[in-house]
Amino acid sequence: MRWLEVIKLRSAGKDSELLKELLLSIDNSSQSGLVEIKTYRHAALETDLSVHLHWESDRPDQNGSLLGLHLVQALKEFGLIDHSVWIEEEK
């Protein structure tokens, strides 16, 4: 089953270098079932970010993966967080 974890950050813009280092470090993490990590920046608000963790496993973690939950905790110091889990629809 394919599923997606979306972590959105509305940042106050503080410590942007530290934030960049944190986001670069997650690319190196190898978790079982993790297919891909993508990071997006809002088109109009440079301080808003969205991190997408793409997973493939038997079933999704309804509250988010361990990696996602750790990332949420780390990003909380930078601003407001929205964390959600989505399941890919079968065609």
* To do: Keeping to the stretch 47-73, report how many residues are farther than 10 Å from Leu9 by Cβ and touching a residue at least 24 places away in the same chain (Cβ under 8 Å).
  => 15
* To do: Would you check if there is a residue in the stretch 66-84 being exposed (fewer than 11 other Cβ atoms within 10 Å of the Cβ) and at pLDDT 85 or above?
  => yes
* Structure fact -> Taking the stretch 1-48 and keeping residues touching a Phe, Trp or Tyr at 6+ places or on another chain (Cβ under 9 Å), of a type in the set (S, T, N, Q) and either under 19 Å from Leu69 (Cα atoms) or at pLDDT 90 or above (or both) leaves Ser11, Gln31
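The values are calculated or read from the model by the stated rules, or taken from the named source; none is laboratory data. Values in this document were obtained by computation on a predicted structure and should not be read as measured data. Note: ideal-geometry Cβ built from the backbone for every residue, glycine included; neighbour counts use all protein chains shown.
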